[in-house]
């Protein structure tokens, strides 16, 4: 049985119209230093899904129990990534993507 702390964390973000292909292209070329920062923060499984009708992004990630995810906004590479992506998404004044937490309603572990 998996550790409860290893269950997925999910949230929604919002793309601007007409930028889905560019958003995907930028993620296909994820910066190695950003990938390393995510790993060091304890993120070990991270997927983003697109609802093409609403342009909503649904992100699901798994965190190691000793994660430091909350410190990621302080990482210079994270701030550069947010600046790089800000033209494609709804963002806060500091260019951090606006995130809406998703409430877990079902979990199956096979």
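The numbers here are math on the coordinates, done by the rules we state, and not lab data. This is a predicted model, so every value here is computed, not measured. Please note: Cβ atoms are built from the backbone with ideal geometry, for glycine as well, and neighbour counts cover all protein chains shown.
Observations, loosely collected:
- Failed condition for residue 81, given (1) without any contact (Cβ under 8 Å) to a residue 40 or more places away in the chain; (2) surrounded by 15 or more Cβ atoms within 10 Å (Cβ to Cβ): (1)
- Odd one out for residue 106, checked against (1) under 27 Å from residue 17 (Cα atoms); (2) free of Cβ contacts under 8 Å to residues at least 12 places away in the same chain; (3) loosely packed, with under 11 Cβ neighbours inside 10 Å: (1)
- Hits in segment 59-79 - residues which are in contact with a helix residue (DSSP H, G or I) (Cβ under 7 Å, 6 or more places away or on another chain) and within 21 Å of residue 23 (Cα to Cα): 72, 77, 78
Okay, residues lined up against (1) surrounded by 11 or more Cβ atoms within 10 Å (Cβ to Cβ); (2) in contact (Cβ under 8 Å) with a residue 12 or more places away in the chain; (3) more than 17 Å from residue 96 (Cα to Cα):
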| position | (1), (2), (3) |
| --- | --- |
| 10 | yes, yes, no |
| 13 | yes, yes, no |
| 17 | no, yes, yes |
| 23 | yes, yes, no |
| 39 | yes, no, yes |
| 47 | yes, yes, yes |
| 52 | no, yes, yes |
| 56 | yes, yes, no |
| 59 | yes, yes, no |
